[in-house]
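Report on the following structure.
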Amino acid sequence: MHTSLCNKTFDLMPVCSPCHCSPVEPETPVILSRCFRTKCTLTLFNLLTLFSSVVPLCRLFSVACSCTRTNLNMLAAQADRVMELGEWEERWQENRIGFHQPHIHKLLEKNVDQLFAGRTGVCCFFPLCGKALDMKWVADLGHSVVGVEISEKAIRQFFEENKLAYREEPVPAIPGAKVFKSSEKNITLYQCDLYSFSSSFEGKFGAIWDRGSLVAINPGDREKYASLIISLMAKDCRYLLDTFLYNPELFKGPPFLVPNEQVHSLFGESCDIELLQSVDSFTDKHRAWGVDYLTENMHLLTLKSN
């Protein structure tokens with residue numbers, strides 16, 4: 001018997017299962033584990049349907065739970081990893097910014113309709129924005145942009161490289177902070193610690209594009225981060241969240257591993273969460289990190305109606 005999963009075909013050879021209730025393929029746990037942890041977006045229902053004729057349900061649920069525990073246990077490898085704000089500023093000063101993309105993010109382009117859902121003039125928040133070209137692209141679509149970034153150099157480079165005139169002002173409520181405003185586009189960038197920012201500055205947002213933010217903050221700060229993001233979401237906010245899956249025992253980050261299970265544990269009480277896309281983003285750059293796979297997941301979060 002043959003079955004197809006993740007674009008691969010497996011031979012399913014009947015053998016006795018541990019519970020003796022039906023035949024089971026010996027490699028099923030391995031196959032399912034790969035799907036839950038890496039490159040497959042099949043739901044548990046899909047998996048149950050696919051394997052129902054050869055795998056006992058008790059075994060499938062056992063494997064699913066085991067894979068979930070594995071994902072969450074893998075967080076321990078990076079749990080104590082801490083990046084100080086000064087280290088990020090140092091990276092910008094030394095031009096060690098491999099995380100910056102010199103083009104519009106492909107998954108943003110593909111899912112932009114999910115972000116704005118036909119709305120016009122939406123105010124979109126970019127946490128830890130760097131000098132992302134995505135900001136000007138979103139502004140060119142007719143939306144307004146608010147970003148927060150610790151590096152003043154990054155913010156100045158954004159305006160200068162995009163040939164946008166700007167002015168800067170102090171932010172009295174945040175000692176030492178500055179705000180940079182474009183004279184041509186509706187783009188406002190705050191140079192400050194992200195956790196010093198709140199809805200008191202720009203109100204709540206109708207859209208949030210989180211690429212390189214949740215995956216960059218210290219893993220120990222994720223609950224604080226999630227609370228901040230939720231506090232910035234307007235009732236109709238659509239929050240696109242980009243996360244990575246890889247083996248954290250092979251690379252200490254950043255960017256850090258964020259399993260789907262943790263997205264749900266951080267935001268699930270307040271938000272409905274949909275996995276829009278899961279793609280194999282592994283490149284030579286990631287091979288140089290020492291990892292052997294990298295999956296990029298795009299989530300859409302919206303506030304629950306209640």
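The values are calculated or read from the model by the stated rules, or taken from the named source; none is laboratory data. These numbers come from a predicted model, not from an experiment. Every residue, glycine as well, gets a Cβ built from its backbone with ideal geometry; the counts of neighbours run over all protein chains shown. These accessible areas exclude ligands, DNA and RNA; they are computed on the full protein's heavy atoms, side chains included. Shrake-Rupley method; radii C 1.70, N 1.55, O 1.52, S 1.80 Å.
Being among the small types (Gly, Ala, Ser), closer than 18 Å to Gly203 by Cβ and touching a residue at least 24 places away in the same chain (Cβ under 8 Å) is a description that does not apply to Ala154.
Any chance the range 77-86 includes a residue that's acidic (Asp, Glu), in a loop (DSSP other than H, G, I, E, B) and either open to solvent by less than 30 Å² (accessible area, probe 1.4 Å) or at pLDDT 75 or above (or both)?
yes
Part of a strand (DSSP E or B) and of a type in the set (Lys, Arg): is that true of Arg222 in this structure? Here the answer is no, as Arg222 does not meet what is asked. Could you tell me whether any residue of the range 184-201 is buried (at least 19 other Cβ atoms within 10 Å of the Cβ), among the aliphatic types (A, V, I, L, M) and within 30 Å of Gly290 (Cβ to Cβ)? Among the residues of the range 184-201, at least one is buried (at least 19 other Cβ atoms within 10 Å of the Cβ), among the aliphatic types (A, V, I, L, M) and within 30 Å of Gly290 (Cβ to Cβ), which makes the answer yes. A search for C-beta distances below 6 Å between a residue of the range 217-231 that is touching a residue at least 40 places away in the same chain (Cβ under 8 Å) and any residue that is exposed (fewer than 14 other Cβ atoms within 10 Å of the Cβ) and not in a helix (DSSP H, G or I), counting only pairs 6+ apart in sequence or on different chains, returns Asn218/Val82; Pro219/Ala79.
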